[in-house]
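Enquirer: Before I ask anything, let me first share the structure, which is written out below as structure tokens.
Readers should treat all values here as calculations from the given coordinates under stated rules, not as data from a laboratory. None of the values given here were measured: they were computed from a predicted structure. Every residue, glycine as well, gets a Cβ built from its backbone with ideal geometry; the counts of neighbours run over all protein chains shown.
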Amino acid sequence: MKLQAMLGLINATPITVDDPYIVYREHYYVSCTDLMSDALAMICTNPAQTVLLTGLANGQALRTAEMMDINVIILCRNKTLGVENIELATSMEMNVFTTPLPMFDAVGILYKEGLKTATRHVD
């Protein structure tokens with residue numbers, strides 16, 4: 001699904017966009033977590049096709065995404081970044097958006113539209 005369509009489904013708006021063409025790229029996977037150690041341990045998909053959906057609006061989320069080569073983050077519940085973290089996101093070439101929806105609703109909508117989990121299943 002093109003990121004533009006994904007953002008429209010969850011009423012997401014930009015906080016900082018490094019690549020204006022990112023919205024035209026296909027993304028197939030979503031990782032939904034506030035626990036960045038889970039993101040580091042569990043995400044196993046192509047980072048160029050993966051979105052990190054989180055309520056964690058700080059440098060830890062940005063640094064985790066950067067370590068994983070994920071450059072699209074969507075913050076839930078209208079959260080935004082402070083000035084220093086917007087500058088950090090810009091320096092990291094991140095594309096950060098915010099949605100008014102709670103995480104459960106946002107991920108449910110995206111799942112219903114066919115996006116897949118970015119995390120491996122643990123037995």
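Enquirer: Ranked from highest to lowest mean number of other Cβ atoms within 10 Å per residue, what is the order of the peptides 86-96, 69-79? Mind showing how you got there, number by number?
Expert: Values: 86-96: 17.9, 69-79: 20.5.
The packing order, highest mean first, is 69-79, 86-96.
Enquirer: Below 8 Å, C-alpha to C-alpha, sequence gap of six or more: please give me the relative contact order for segment 13-123 in percent.
Expert: That works out to 36 percent.
Enquirer: Can you compute the helix-only [θ] at 222 nm over the chain? Use -39500 (n - 2.57) per DSSP H run of at least 4 residues, normalise by all residues, nearest 500 deg cm²/dmol.
Expert: Rounded to the nearest 500, it is -9500 deg cm²/dmol.
Enquirer: Note the direction-averaged projected area, equal to a quarter of the hull surface, for the Cα convex hull of segment 3-117, in nm².
Expert: Result: a mean projected hull area of 5.9 nm².
Enquirer: Could you tell me which helices of the chain pass both thresholds, a Cα extent of 18 Å or more along their own axis and a mean Kyte-Doolittle hydropathy of at least 0.5, with helices taken as whole DSSP H runs?
Expert: none
Enquirer: To check you understand DSSP bridge types, tell me what percent of the beta bridges within the chain (both residues inside) are antiparallel, rounded to 5.
Expert: Antiparallel: roughly 30 percent of the beta bridges in the chain.
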